[in-house]
1. Per DSSP H run of at least 4 residues, take -39500 (n - 2.57); add these up for the chain, divide by its residues and hand me the 222 nm value, nearest 500 deg cm²/dmol.
2. Hey, what did the chain get for relative contact order, percent, Cα under 8 Å, at least 6 apart?
3. Take the alpha-carbon positions of the stretch 273-326, form their convex hull, and give its projected area averaged over all directions (one quarter of the hull surface) in nm².
4. What ratio of Cα Rg to 2.2 N^0.38 Å holds for the stretch 180-316?
5. How about the stretch 175-245: which trypsin sites (Lys or Arg not before Pro) there lie in a loop by DSSP and see at most 12 other Cβ atoms within 10 Å?
6. Rounded to whole Å and ordered largest first, report the semi-axes of the equivalent ellipsoid of the stretch 60-150 derived from its Cα gyration tensor (root of 5λ).
7. Can you list the lysines whose alpha carbon sits under 18 Å from that of residue 20, skipping same-chain ones fewer than 8 residues off?
8. Taking every pair of alpha-carbon atoms in the stretch 1-136, give the share separated by more than 18 Å as a whole percent.
Amino acid sequence: MATTNIEIRTDLVTAEEFAKARERLRDVVLHTPLVRLTSVTDAAAYLKPESLQPIGSFKLRGASNAVAQLSDDERRRGVISYSSGNHGQGVAYAARAFGVRAIIVMPANAPEIKRRATASLGAEIVTVGPASSERRERAEALAAEHGYAVIPPYDDAGIIAGQGTCGLEILADCPEVDLVLAPVGGGGLLSGVAASIRQQRPECHVIGVEPQLAGDAAESLRQGRIVEYTAAETSRTMADGLRTQSLGTLNFAHIQRYVEQIVTVTEQEIEQAMRHIAWDARLIAEPSGAVATAALLFHRQELPPHRTAVAIVSGGNAEPATLLRVLGSA
């Protein structure tokens, strides 16, 4: 497999590295605002709408940070990644900005809206089966064959540093925050946000949220080891961005250090949260992007005491048919 100058790491990302990533991305990603969730009355509650990023997802942060650090030779050879959708768009967007060829390996069951958006950014799409392991293995094989630089979706220090810039923005805009909720699939966003926030504000609680039908991260944290679900199990959830079968190794190390718990939410709660976000905050959330808000709305008894909460809306790339069905329901 082709290597990149993004060093394979086993140690945790430092506050200095998060700060460097923030400077690197200052003119690349949008500093998304905090939007008040007015229907939550017993505490101040805000949404962090990463759905407003140019690709509709937080994934632009990590992908851009990784591509920006490639050497000229690596850029000439091109990049490859594997993704169910949003990370693929992030890599394609960043590659286009640097004039780099991009190949994205996607599962056959990826939402069509994400597949089309990735292709429209100039990336070449390679389709495989539904398992996250299938797309990783295919990407690694193609990289070994053609010399592409691999941009992994989550288990990488550069990706974690980029995603952590979301946490730095939360602290800048809301220094008094004492609870942050983030969705978790492979763990890139949660590990980056938790580390970047708690290195500066250790008293702030950072909670991960995932669907009950893809609850491998919650089980991993409980057991103290990485638990893997099958593709058939994770495919049951409508939250397609969180169907990763297990946490990344480096992500799990950050989560063990900085995350105190992971809450799971039902499919019905995800749909209710999507509607709540639309009607209360006038924002569109894809199912994966609504899970953190679902925990804030429906699992208050499981959350630590707090006065100011921020739920990250990680993406807004919902399939039109799904969005119409969910928003049209009572």
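Every number in this text was worked out from the coordinates using simple rules, so none of it is lab data. Since this is a predicted model, take the numbers as computed values, not measurements. Cβ atoms come from the backbone with ideal geometry, glycine included; neighbour counts cover every protein chain shown.
1. Values: 14 runs with 149 residues, N = 330.
Rounded to the nearest 500, the figure is -13500 deg cm²/dmol.
2. Working: 763 pairs, mean separation 72.0, N = 330.
Rounded, it is 22 percent for the chain.
3. Numbers: hull surface 15.4 nm².
Value for the stretch 273-326: 3.9 nm².
4. Details: Rg = 13.7 Å, N = 137, 2.2 N^0.38 = 14.3 Å.
Against the compact-globule rule of thumb, the ratio is 0.96.
5. Working: sites: 198, 222, 225, 236, 243; in loops: 225, 236, 243.
Hits after loop and neighbour filter: 225.
6. Taking √(5λ) for each Cα gyration eigenvalue gives 19, 15, 10 Å.
7. 59
8. Working: 5595 of 9180 pairs.
Value for the stretch 1-136 (Cα pairs over 18 Å): 61 percent.
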